[in-house]
1. Modelled with pLDDT under 90 and not in a helix (DSSP H, G or I) - does that describe any residue in region 135-148?
2. Assigned by TED's automatic domain parsing to the domain that holds GLY266 and surrounded by fewer than 23 Cβ atoms within 10 Å (Cβ to Cβ): which single residue out of LEU280, LEU292 fits that description?
3. Evaluate the following for LYS47: is it modelled with pLDDT of 75 or more, under 21 Å from the mean Cα position of the chain (by Cα), under 30 Å from ASP218 (Cα atoms) and surrounded by fewer than 18 Cβ atoms within 10 Å (Cβ to Cβ)?
4. Report, by residue number, each residue of region 261-315 that is in contact (Cβ under 8 Å) with a residue 60 or more places away in the chain and under 20 Å from THR350 (Cβ atoms).
5. Within region 361-379, is even one residue touching a helix residue (DSSP H, G or I) at 6+ places or on another chain (Cβ under 7 Å), closer than 26 Å to SER51 by Cβ and not aromatic (Phe, Trp, Tyr)?
6. Name the residues in region 245-277 that are within 18 Å of ASN308 (Cα to Cα), among the aromatic types (Phe, Trp, Tyr) and buried (at least 16 other Cβ atoms within 10 Å of the Cβ), would you?
Amino acid sequence: MLRKIELEDKTVLLLGTAHVSKKSVEEVREAILVHEPDKVCVELDEKRYRSVKGEGDWTDEDIAKTISDGNGYLLLLKILLSIYQRKIGEEFDINPGSEMVEAIEIAEEHSIDFELIDRDINETFKRAMNGIGFFEKMMVLYTVIEGFFVEKKDIDIEELKEEDMLKKVVEEFSGKFPSIKEAFIDERDVFMAEKISKTEAETVLAVVGAGHVEGISDNLKDGSEMELVKLSERRFKPYKILKYGVPALIIFLFAYGFVQMGFDTGQRMFYVWFLLNGSLAGLGALVSGAHLFTVLISFLLAPFTSINPALPAGLVAVYSENHFNHPKVKDMEGLANIKKIRGLWQNKATKLLLVFFFVNLGSSVATFIGAGSLANIIGFI
């Protein structure tokens with residue numbers, strides 16, 4: 001898929017590729033040799049460039065700190081997508097992103113300047129996840145995990161060629177979570193279009209995923225300046241109401257029960273709340289393969305952390321698990337070699353993410369069930 005766009009000061013050739021297609025690698029080589037562009041632009045940022053060249057370095061990652069900084073779900077999603085992409089690449093016997101590396105190597109062979117034009121991958125993930133709440137994050141992760149069970153016969157490489165794998169995955173749930181598609185597709189289309197338009201060259205060959213060709217083309221023709229709001233200026237997030245509103249509701253229900261209904265009723269409410277939260281959070285720790293002390297900590301503290309928006313149950317569990325199973329350098333290096341879902345349980349680094357995920361999931365489910373149970377006890381429902 002090669003599209004030619006004439007701008008005032010340059011000619012842009014947009015080459016759409018599938019990130020797991022050998023044919024795309026061949027098309028990249030042919031396009032550069034035939035059209036001899038003055039500059040080659042590729043849909044990569046510095047981090048992804050290092051990653052596809054096999055130079056990605058996970059050893060600097062501090063998993064516990066990443067989680068405490070609020071980026072636990074983001075890191076887990078990045079790892080899952082990386083494994084998923086490698087899985088499909090293995091089925092088609094090609095490394096994902098090979099066509100991008102090929103474009104750079106051929107450009108270097110022929111002394112053609114190249115430029116990385118994609119936005120920083122971490123920024124994209126942050127913007128995507130910033131607009132959704134806890135249960136939406138669960139659905140996003142579920143959609144990605146579901147991709148691990150796609151068999152080779154179910155994947156149409158020509159369909160991927162038309163849409164590009166990332167766009168195909170994103171659009172599966174973009175209807176429910178528009179901020180996902182906005183960050184992964186629409187904003188990057190604008191970002192890359194602006195980078196291309198500002199490139200100083202008469203003829204530019206831009207190698208991008210096929211799913212970005214239409215959007216980049218429209219933005220180049222439109223010629224408007226890129227206007228991306230900062231993370232802090234994103235639109236109002238309804239899930240914030242739940243984050244702070246539900247704990248406030250729980251505290252109100254307890255106060256009403258103890259003050260208006262008497263100590264016995266309040267005590268009964270506490271027992272129900274404690275057992276629900278403790279049991280489901282502890283179950284989450286067990287499912288993640290956590291140390292038994294972490295399971296106990298999750299059981300004992302989840303009933304209290306569930307009413308503290310600033311201290312999620314999963315974070316407390318991570319601090320505990322990190323003490324008993326602290327990831328080492330070899331675990332960080334091993335992140336790049338995880339090829340199957342079960343590998344997440346076998347690596348100490350990803351196990352911390354699983355502890356965070358499953359304990360939070362158990363605690364969150366228990367919080368909503370518990371709120372209903374408390375309201376029922378005092379006769380509100």
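The values are calculated or read from the model by the stated rules, or taken from the named source; none is laboratory data. Keep in mind the model is a prediction, meaning the values are calculated, not measured. Counting neighbours? That spans all protein chains shown, and the Cβs are built from the backbone with ideal geometry, glycine included.
1. Within region 135-148, none of the residues are modelled with pLDDT under 90 and not in a helix (DSSP H, G or I).
2. The match here is LEU292.
3. Yes; evaluated as a whole, the condition is true for this residue.
4. Across region 261-315, the qualifying residues are ALA281, LEU283, GLY284, ALA285, VAL287, SER288, GLY289, ALA290, THR294, SER298, GLY314, LEU315.
5. For region 361-379, residues touching a helix residue (DSSP H, G or I) at 6+ places or on another chain (Cβ under 7 Å), closer than 26 Å to SER51 by Cβ and not aromatic (Phe, Trp, Tyr): absent.
6. PHE254, TRP273, PHE274
Quick grid of which residues meet (1) surrounded by fewer than 18 Cβ atoms within 10 Å (Cβ to Cβ); (2) within 14 Å of GLU115 (Cβ to Cβ):
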{"residue": "GLU6", "(1), (2)": "yes, no"}
{"residue": "ASP9", "(1), (2)": "yes, no"}
{"residue": "ALA18", "(1), (2)": "no, no"}
{"residue": "LYS23", "(1), (2)": "yes, no"}
{"residue": "ARG29", "(1), (2)": "yes, no"}
{"residue": "GLU36", "(1), (2)": "yes, no"}
{"residue": "CYS41", "(1), (2)": "no, yes"}
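Quick grid of which residues meet (1) at pLDDT below 90; (2) assigned to a strand (DSSP E or B):
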residue: LYS4; (1), (2): no, yes
residue: GLU8; (1), (2): yes, no
residue: LEU14; (1), (2): no, yes
residue: LYS23; (1), (2): yes, no
residue: GLU26; (1), (2): yes, no
residue: VAL34; (1), (2): no, no
